1. Enumerate the amide H contacts of Val261 below 5 Å, restricted to partners 5 or more residues apart or on another chain; note that Pro and chain-start residues carry no placed amide H.
2. If one puts a single equal scatterer on every Cα of region 127-235 and applies the Debye formula without solvent, what log₁₀ I(q)/I(0) results at q = 0.17, 0.24 Å⁻¹?
3. Which shape class, rounded, prolate or oblate, goes with region 258-369 when its Cα gyration tensor gives a ≥ b ≥ c as root eigenvalues, a/c under 1.5 marks rounded, and past that a/b bigger than b/c marks prolate?
4. Using the Karplus curve 6.51 cos²θ - 1.76 cosθ + 1.60 with θ = phi - 60°, what ³J(HN,Hα) values do you get for each residue of region 277-283, in whole Hz, with x for Gly and Pro?
5. Starting from the Cα-Cα distance between Ala355 and Ala241, subtract it from 0.36 nm times their residue separation and give me the gain in nm to one decimal.
6. In what sequence, highest mean first, do 91-102, 182-193, 355-366 appear when ranked by Cβ atoms within 10 angstrom?
7. May I ask you to work out the translational diffusion coefficient for region 260-322 at 25 °C, viscosity 0.890 mPa s, via Stokes-Einstein with Rh from the Kirkwood sum over Cα pairs, reported in whole µm²/s?
8. Grab the beta carbon distance between Gln103 and Asn296, set R0 = 41 Å, and tell me the FRET efficiency rounded to 0.05.
Amino acid sequence: MAQEGDWQLDVLRELGQPDGLARPAEPPLRLVHPAPAPPADPRLGLAGAASGQHLDPPARPPSSAPDPRPAVRTPRDLRLPMPTPESVPTLDPRLSHALGSPQHGDSMARRTGRSIRKLTASAAQDVAEQTRIARELQQPVTTGRVIAVTSIRGGVGKSTVSALLGRTFNHYRHDPVLTLEADAALGTLPVRMGAESVRWSCADLAQILTPAMQLTDVTGYLVPVTDGGWLLPASQGHVGAPLDIRTYRTVTLALRRYFAVTVVDCECLPGEVARTAMDTAHARVVVAPTTAEGVNGTRLVLDWLAQLPHSALASTVVALTANSPDLILDGKAAAAHLRETGVTVVPLPYDRHLAGGGPIRTEMLGEDTRDATVRLAAEAMQRAVRVR
Ligand SMILES: Nc1ncnc2c1ncn2[C@@H]1O[C@H](COP(=O)(O)OP(=O)(O)OP(=O)(O)O)[C@@H](O)[C@H]1O
Ligand SMILES: [Mg+2]
């Protein structure tokens, strides 16, 4: 097996990132030191910065200087075992046009109050904590790590949490990050990640991927996310055959070769694919709504995880989400009930921007949401790298 550093360098070289220092253009979720002006991210150029243009060859620089990047073989150049599917918009254009301006997660008064407090408070402790978290998020990996996100019920925030985690890893890490949708039931992940259209799905890739492929071949089938990283949807947005365990295993195993971190947005438990994903992932995130029934059900899932081999519970984190501003269950009591199992619980606050639906824009998230997301990502990463 290749050495740890070589594995990552090889991948970065394929991407045309010799030093891997390209930064996403969007402001950081929580930068410890302000980054220098970001260079254009070659990963976006790889398949076109606009979402949904993932079949086009990379845009060449306008200068006459030779492009150091390897030529990308598009799916058209490869001998595919299937015809190229149509590109399908993730939202009906009439709905896209009807989308209003997204709300910021924090009210204007809150944002102003925070800025004033920041000017007066000592930031030393904050910086130390941020440095620690950034270090955890940037830990090197020897082989691709898979982090599965699931829940006991639908509609509690799995796709939202997956999108937040995918973006956070992508922001902090210099190696490739994939967010994979393993929920074929008309999932919302592509919309939440800002993809305008989708073409290739998990089931397609299960037939297409071969060990001889390079990263640049593989990314031709993925949706580039606007602020970096890639997305693989579960379906083309219509009701189709559900994802089966074999497809899931084939795709995740094959893609682990190319991506340092894969975040998997799973179906609900106890679905077969969700159970397989939970069992085979390096770390797990269970999303629990802050309701009595949600916390009660999640506790049962944690008890089930405690019985699985490979210390499944020790590599699990709970994201305790507040999907409504009018919760009646006490958040502290809910977290304490779940922590009795020994699991780490990260509360994810109610956020107006997330509640509004549509594409998630990192700069519109409330500050508490950003902090919680980064903490959740660091906790998951710490567990994922621990597993051999
Ligand atoms: N922290 C939050 N604050 C406010 N609203 C939230 C938060 N997290 C999730 N939501 C809202 O909860 C709803 C469900 O979220 P999401 O689609 O992510 O759930 P899901 O578990 O993936 O659902 P499904 O089971 O249908 O796939 C969405 O409308 C989302 O905007
Ligand atoms: Mg979902």
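Just so it is clear, none of the values below were taken in a lab; they were calculated from the coordinates. All figures in this text were calculated on a predicted structure; none of them were measured in a lab. Positions of Cβ are generated from backbone atoms using ideal geometry, with glycine treated the same way; all protein chains shown enter the neighbour counts.
1. Result for Val261 returns Arg145, Leu178.
2. For region 127-235 at q = 0.17, 0.24 Å⁻¹, log10 I(q)/I(0) is -0.89, -1.45.
3. Working: a/c = 1.96, a/b = 1.23, b/c = 1.60.
Oblate.
4. 4, 5, 6, 9, 6, 7, 8
5. Values: separation 114, 0.36 × 114 = 41.04 nm, distance 2.93 nm.
Gain on extension, Ala355 to Ala241, equals 38.1 nm.
6. On the way: 91-102: 10.8, 182-193: 22.8, 355-366: 17.8.
Ranking, from highest mean packing down: 182-193, 355-366, 91-102.
7. Numbers: Rh = 12.1 Å.
Result for D is 202 µm²/s.
8. Working: r = 31 Å, r/R0 = 0.77.
Calculated transfer efficiency: 0.85.
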